[in-house]
Amino acid sequence: MKYLTIALAKGRVAKKTMDLLAEIGITCDEVNDKETRKLIFSNEELKLKFFLAKADDVPTYVEYGAADIGIVGKDTLLENGRKLYEVIDLNMAKCRMCVAGPASARELLASGKVIRVASKYPNIARNYFHNVRHQTAEIIKLHGSVELAPIVGLSDVIVDIVETGSTLKENGLEVIEEICPCTARMVVNQVSMKMEQERIRDIIGKLKGILS
Ligand code: PRP
């Protein structure tokens, strides 16, 4: 039997996914071993391989078929726009994609003037400002700690995910508009879905069973 390969977004999503998979009898203890520098792990009995990748790279591995299945946030899927089948909403790692900034930015947003937006999600930000708000926006791509941007004057607002809201609060910022809710999703390579239909459908069916 061929191995099925599962790509997991590093961090919170990976830990929660392994807990969920354990409930349907799919285990691989090594994945959660923080000491190891190994990148790929297997469950020989079930003929499964797992690897951890940067969230942003998971859709790429799955689209090219280097992984049959991927587990990654909806935020990353929207930003990357890859050709994949999104098969299950895992209903975990819940957060909201938001426009946030200092309270004073509300007025600027309402005015319809050109606005500077910093984000790790430039495509989502561009789409929202251009196609939903119909407002001219200059989008500035950042790679992390985006909340800094309006504080130091790089941008007027940010587009970022908000989970508990504490990062915004501790930095004197607030949610101004909600773009969409995001949760972790299971995605499948389009060819794998046909070639490994039985095994993949079995995993999907069992996961749906415990999620409902
Ligand atoms: C994410 C996000 C916010 C924060 C939101 O950042 O970009 O900064 O979490 O969480 P909260 O609402 O619970 O405070 P992450 O921790 O991934 O780090 P990064 O900014 O360096 O990418």
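Of the residues that make up region 77-89, is at least one in a helix (DSSP H, G or I) and in contact (Cβ under 8 Å) with a residue 60 or more places away in the chain?
Restricting attention to region 77-89, the residues satisfying the condition of being in a helix (DSSP H, G or I) are 77-80.
If we keep only those that are in contact (Cβ under 8 Å) with a residue 60 or more places away in the chain too, we end up with 77-78.
There is at least one residue in region 77-89 that is in a helix (DSSP H, G or I) and in contact (Cβ under 8 Å) with a residue 60 or more places away in the chain.
With the requirement that a residue be part of a loop (DSSP other than H, G, I, E, B) and under 23 Å from Asn80 (Cβ atoms), what does region 158-195 give you? Full working, then the answer.
Taking region 158-195 first, the residues part of a loop (DSSP other than H, G, I, E, B) are 163-165, 171-173, 183, 189.
Within region 158-195, Glu163, Thr183, Asn189 meet the criteria.
Can you name the condition, by its number, that Leu211 falls short on among (1) over 17 Å from Asp89 (Cα atoms); (2) away from the ligand (no atom under 16 Å from the Cβ)?
(1)
Could you tell me how many of the residues in region 21-38 are of a type in the set (A, V, I, L, M) and not in a loop (DSSP other than H, G, I, E, B)? Step through it out loud before you land on a result.
If we filter region 21-38 for residues that are of a type in the set (A, V, I, L, M), which is where we start, we get 21-22, 24, 26, 31.
The next check asks that each one be not in a loop (DSSP other than H, G, I, E, B); those that pass are 21-22, 31.
Final tally of qualifying residues: 3.
Among the residues of region 145-164, are any within 13 Å of the ligand (Cβ to nearest atom), surrounded by fewer than 16 Cβ atoms within 10 Å (Cβ to Cβ) and over 22 Å from the mean Cα position of the chain (by Cα)? Break it down into steps so the answer makes sense when it comes.
Initial filter on region 145-164 (within 13 Å of the ligand (Cβ to nearest atom)): 145-151, 158-164.
With surrounded by fewer than 16 Cβ atoms within 10 Å (Cβ to Cβ) added as a condition, the list becomes 145, 148, 151, 163-164.
Still in the running and over 22 Å from the mean Cα position of the chain (by Cα): 151.
The answer is yes; a qualifying residue exists.
Of the residues in region 168-212, how many are open to solvent by 70 Å² or more (accessible area, probe 1.4 Å) and in contact with a strand residue (DSSP E or B) (Cβ under 9 Å, 6 or more places away or on another chain)?
Of the residues in region 168-212, 3 are open to solvent by 70 Å² or more (accessible area, probe 1.4 Å) and in contact with a strand residue (DSSP E or B) (Cβ under 9 Å, 6 or more places away or on another chain).
Quick check on my filter: what residues within region 128-144 are assigned to a loop (DSSP other than H, G, I, E, B), farther than 18 Å from Glu178 by Cβ and free of Cβ contacts under 8 Å to residues at least 24 places away in the same chain?
Thr136, His143
The values are calculated or read from the model by the stated rules, or taken from the named source; none is laboratory data. Please read these numbers as outputs of a predicted model, since none were measured by experiment. Virtual Cβ from ideal backbone geometry, glycine too; neighbours counted across all protein chains shown. Note: areas computed on protein heavy atoms with side chains; ligands, DNA, RNA excluded. Shrake-Rupley method; radii C 1.70, N 1.55, O 1.52, S 1.80 Å.
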